[in-house]
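The values are calculated or read from the model by the stated rules, or taken from the named source; none is laboratory data. Remember, it's a predicted structure, so these values are computed and weren't measured experimentally. Here the Cβ positions follow ideal geometry from the backbone for every residue, glycine too, while neighbour counts run over all protein chains shown. What goes into the accessible areas is simple: the full protein's heavy atoms, side chains included, and nothing from ligands, DNA or RNA. Shrake-Rupley method; radii C 1.70, N 1.55, O 1.52, S 1.80 Å.
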Amino acid sequence: SSGSHLPRSGGSPQSSPAAAAMAEDSGGGGEIALGGGQGGQERTNIRWHEHDWNRILAGEGTADKYLNRGGLIRKDRLAALAPPEHHPETRVLRTFDDFLVALRELGGGRGASTEVEFVLKKAHSSNAHGMKFLTGADARLLLGEETPVALRLVALTAGAGAFAAVLLGMGSWRRPSRAASGLLPALVASSAAVLVAHVIWTKRWVSSTQKATAPREVEFRAVLKGHEVAAAAAAAAAAPGGGEADAKQEIWVLQRHIKPWLHEGHKFHLRVLFLCVGDLRAFVHENVRMCVATEAWEGGRQDGSRSAALVTNMGVNQKWNGYDASIQNLSLDALGSARAASVLSEVARVLGETLQRVRAAGRRQFFTLPNCWELFGADFLVEGGSGRVVLLEINPAPSLTSFAQSWGMVEDGGPELRRALLGPDPLGGALPLGWREVEVGPRRAPSRWAKKKK
């Protein structure tokens, strides 16, 4: 394979000045390549930092990874570079206070929705690790802005009674009557009673709400606390005499949850194989997999804790009782041939525009070289109702497990599947059948969704 040409330093990124300069931006120090080897021996564990990047930059040999692709694979960067009409609205978080501010900026304190509205993710992680979902009600509780309808009705009733008493009192002052004289004290007394009840009920509700909110606040504080501790450690290490920090700063993103298109009542996402070659051609594979949640969407629509209905990652779903690959790992054709063709064309267009935008941002975002190539896994969601295709994230070193079944292989298919998928050398020869080239040149027409941004 092309991996037989891959040089290896065998050391850390610090052994190569070029790699040291780009390691953090690339976000690839620990990612596993899909293949490669030396002396004709197939290897499946070549990591980003094992390549001798000084030699690669000098044009000596090839690599199955790019030196830097942080603008593609880091969620915090992709959010600023992806086509906004095809990516969830996103805020980058560094503390729990940032989380609350972001929640408010995304509209978490407004409206009366009780459905899942937001999702919290690690910016540098994949496989749904650490992912949390929030409903509109969760957001209002966390922001202290949730007031039940019953309390509002009580307040309105008390206010209306008091207003009526004032009007009646004004009328009886001009033309007093026995009926008015008897009704006025009754209205005043009843309004006062309702207001007292409202105050007591409100205090009890606030107390119960604080108890209900406390676990959520503790949960999200705990989720983000590790980041704050790491940031503090990095700051301390940066101080004179502080030494070197071992912990890297953790970054999170809060995104608006996209209401999903459902397949037989279940949420799903699309896993697309996305191949970048040289400087620069790009391809998507026609074998797109639909990864379907184990539980029906209705079970998690108003419950952010129902991960089996909300998380569609295949690796996560395989751990739950009831997982069935025959109905949860499907071909895109399960949507119908016409819709599948439309979705694939839109996926290719969105990825092409994303590449344009990331490359235009400079080599700190995507450093392409003619002697490098890399396979990515791009995750998309189809929006319910509109059918809009939304790019969620792009992952390096994608698992091929979900594709092995369609090639008649077991587990991840190993080297055999990689050869069948990529051919002997993506840089030097024609790719096997199934790859569709993505247009990376100037964009010719605006997206029909650009005018529909929320």
* Asked: Once label points are set 7 Å from the Cα along Cα→Cβ at both Arg436 and Asn54, what is their separation, rounded to one decimal in nm?
  -> 4.4 nm
* **Highest average packing first - 386-395, 314-323, Cβ atoms within 10 Å** => 386-395, 314-323
* **Arg256-Arg281 pseudo-label distance in nm [points 7 Å out on the Cα-to-Cβ vector]** => 3.9 nm
* Alpha-carbon Rg with Dmax, taken over segment 264-308, Å -> 15.9, 46
* To do: Heavy atoms only, probe 1.4 Å: what % of the accessible area of segment 249-405 goes to carbon and sulfur, would you let me know?
  => 46 percent
* **Where a label projected 7 Å from the Cα of Trp320 along Cα→Cβ would reach, residues of segment 279-298 with amide N under 11 Å** => 292-298
* Asked: Give me the Kirkwood hydrodynamic radius of segment 269-394 in Å, from all C-alpha pairs, to one decimal place?
  -> 16.1 Å
* Bin all alpha-carbon pair distances of segment 353-442 at 5 Å intervals from 0 and give each bin's fraction as a whole percent. => 3, 10, 15, 22, 20, 17, 10, 4, 1
* When all C-alpha to C-alpha distances in segment 335-386 are sorted into bins of 5 Å, what percent of pairs does each bin hold, rounded to whole numbers? -> 4, 14, 20, 23, 15, 10, 8, 5, 1
* Over all pairs of distinct alpha carbons, what does the Kirkwood formula give as the hydrodynamic radius of segment 303-357, in Å? -> 13.7 Å
* By how many nm would the segment from Ala80 to Arg47 grow when fully extended, if each residue of separation counts as 0.36 nm and the alpha-carbon distance is taken off? -> 9.2 nm
* Quick one: if you stick a label point 7 Å off each Cα along the C-beta vector at Ser337 and Val92, how many nm between them? -> 4.6 nm
